[in-house]
1. Do you know which residues across the stretch 111-142 are free of Cβ contacts under 8 Å to residues at least 12 places away in the same chain, surrounded by fewer than 14 Cβ atoms within 10 Å (Cβ to Cβ) and not acidic (Asp, Glu)?
2. Any residue at all in the stretch 28-41 that's within 30 Å of residue 159 (Cβ to Cβ), loosely packed, with under 11 Cβ neighbours inside 10 Å and within 26 Å of the chain's Cα centre (by Cα)?
3. Any residue at all in the stretch 48-60 that's under 30 Å from residue 135 (Cβ atoms) and either at pLDDT below 95 or in contact with a helix residue (DSSP H, G or I) (Cβ under 7 Å, 6 or more places away or on another chain) (or both)?
Amino acid sequence: MAVPPLEEPAPQEKTAGPAQSLYDHDFALWATEQAQALKERRTAALDWENLAEEVEALARSDKRGIRSYLENALLHMLKLGYWATERERNESQWREHLINACDGVAEIIEDSPSLRSYPAEVFATAYSAARRRAARLIGRQDLPQASPWTLNQVLDESFWPEANDQTPPSS
């Protein structure tokens, strides 16, 4: 799909219609105008319902980010630990992805310290999702049902999983 030519909206487009309509049709402009109204303390200009939804969405976004980074860290730990045939060729890249995931969790918690306990809340769920993905990628259905690593180990950039080169049991 081609992007239409970009041009500055006409002045009447910026102010036409209620805030709800602007929210639905030009989110970026709506957000800019809402931010300005907040800074200027113009409460009558605020779209309270949509502002409340967007603020709630910010918290959900941070939680989704933590879970996603944690799942990716676990996926790469499973690759490092259980994908013997690809380890030598991909190990440095997997380690880099693992470090990136750990950094992502740390950055979100640094910005939102109230989420410090959230990784522990979603650890088992994130491992389960990472295990499913790893099983498909690696072609092994014998990966541990529960994480062989603690949350602290997963988030420790200096910790690397040991290679587990055991051949999967025959079916």
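The values are calculated or read from the model by the stated rules, or taken from the named source; none is laboratory data. What you are looking at is a predicted structure, and each value in this text was computed from that prediction instead of being measured. Cβ sites come from the backbone with ideal geometry, for glycine too, and all protein chains shown count toward neighbours.
1. 113, 114, 116, 117, 132, 136, 139
2. Pass one, the stretch 28-41, residues within 30 Å of residue 159 (Cβ to Cβ): none.
The answer is no; no qualifying residue exists.
3. Yes: the stretch 48-60 contains one or more residues that are under 30 Å from residue 135 (Cβ atoms) and either at pLDDT below 95 or in contact with a helix residue (DSSP H, G or I) (Cβ under 7 Å, 6 or more places away or on another chain) (or both).
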